[in-house]
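Inspection log for the structure reproduced underneath, given as structure tokens.
None of the figures in this text is laboratory data; all of them are computed from the coordinates on show. These figures come from a predicted structure and were not determined experimentally. Methodologically, a virtual Cβ is constructed for each residue, glycine included, from the backbone with ideal geometry; neighbour enumeration extends over all protein chains shown.
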Amino acid sequence: MTQQGAPRDAPVPLDRGAQDAAREPASEDPADDVVARARTHRVGGYTVVELHGEIDIAGVGSVGPALDAATAGDRPAVIVDLRPTAFFDCSGLGLLCRAHRRVRERGGRMRLVCDDALILRTLRAGRMLDVLEPVATLDEVLDEVLDEVLGEALGEGEG
């Protein structure tokens, strides 16, 4: 399945391909690129959920439980990384909306990492671009988090 408007064999931007190659060993099986799966790990106080493959109506069931687990509990801190995502449609948008709502209801924080123009277009069409405020890299999120923590620490020390 391909994103609407993108040819099946469209090249991946070099910087994204290089990032993905550094994160995971290359697979010999092309089907691995389309199988929806989530990889979860911790960075600082955040749970990072990387969504791999095709995040569509068929794939949401495979990755939803990982997002549910990451957004459970009191004050969850979650980073959703869409850079490894091969395809993303309105089913994926619904999944992100649900995760965002759960985090907000529990007093937590959710950040989104996405550098794919077609996924960003889907977020814009769903009116979620300004709500989720995606950034292009994980380092950018971590810099923002560090700035927030330092700001809170300085604010508490003054008053």
Could you give the Stokes-Einstein D for the stretch 48-159 in µm² per second, using the C-alpha Kirkwood radius, 25 °C, 0.890 mPa s?
168
Can you give the extra length, in nm with one decimal, that the chain gains between residue 40 and residue 125 once fully stretched, where that is 0.36 nm per residue apart less the Cα-Cα distance?
27.9 nm
In whole Hz, the Karplus estimates of ³J(HN,Hα) for the stretch 49-66 (6.51, -1.76, 1.60; θ = phi - 60°; x where Gly or Pro) are 10, 8, 9, 10, x, 9, 9, 10, 4, 6, x, 4, x, 7, 9, x, x, 5
Sites residue 57 and residue 150, calculated FRET efficiency, Cβ-Cβ separation with R0 30 Å, nearest 0.05:
0.10
Hey, can you grab everything whose amide H is under 5 Å from the amide H of residue 43? Only 5+ residues off in sequence or another chain; H modelled, so Pro and N-termini drop out.
48
